[in-house]
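Asks: Quick one: this structure, given as structure tokens, is what I'll be asking you about.
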Amino acid sequence: MTSAGSPVKTSSAVINDGRCKLTSIHFCSTGTATLKIYDHNSTTVGSADEIARLILTANTTIEFDMHNRSMGTGITAILTGSGGSYSCTWS
């Protein structure tokens, strides 16, 4: 099984378009920021399934292991707040 990863992102983005398994989320922030991950293939998430919500205060970092969670449509990240940056890995 081949793994893939996104470059570090500082805004909302479609990370992967299509079926995959989400392995991990890496998130850090110099301000207060929220990262929401959806099983979706567009940044207009509507009623898509929210898979994870990570909220960080200033100068914090987290790695969240998603244990190869099946994503049926894709991986979309919605970033709000200030100072947040993130990346994801999947297979």
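The values are calculated or read from the model by the stated rules, or taken from the named source; none is laboratory data. Treat the numbers as computed from the prediction; the structure is a model and nothing was measured. In this analysis, Cβ positions are derived from the backbone assuming ideal geometry, glycine residues included, and neighbour counts consider all displayed protein chains. Side chains included, ligands, DNA and RNA excluded: accessible areas come from the protein's heavy atoms. Shrake-Rupley method; radii C 1.70, N 1.55, O 1.52, S 1.80 Å.
Asks: When the accessible area of the chain is split by element with a 1.4 Å probe, what percent falls to carbon and sulfur?
Replies: Roughly 48 percent, rounded to a whole number.
Asks: Also, I was wondering about something else. Could you work out how far apart the two model spin labels at residue 60 and residue 80 are, taking each label as a point 7 Å from the Cα in the direction of the beta carbon, and quote it in nm?
Replies: 1.7 nm
Asks: Same structure, new question: Based on the mean of other beta carbon atoms within 10 Å per residue, what is the order of 26-32, 11-17, most packed first?
Replies: With the highest mean Cβ count within 10 Å placed first, the list reads 26-32, 11-17.
Asks: For residue 32 and residue 53 in one chain, what is 0.36 nm times their gap in residues minus the Cα-Cα distance, to one decimal in nm?
Replies: 6.2 nm
Asks: Hey, what's the chain come to in accessible area per residue, 1.4 Å probe, Å²?
Replies: Accessible area per residue, the chain: 53 Å².
Asks: Can you give the convex hull volume per residue for the Cα atoms of the chain, as a whole number of Å³?
Replies: So the per-residue hull volume is 76 Å³.
Asks: Please list 33-39, 78-84, 66-72 highest first by mean number of surrounding beta-carbon atoms within 10 Å per residue.
Replies: 33-39, 78-84, 66-72
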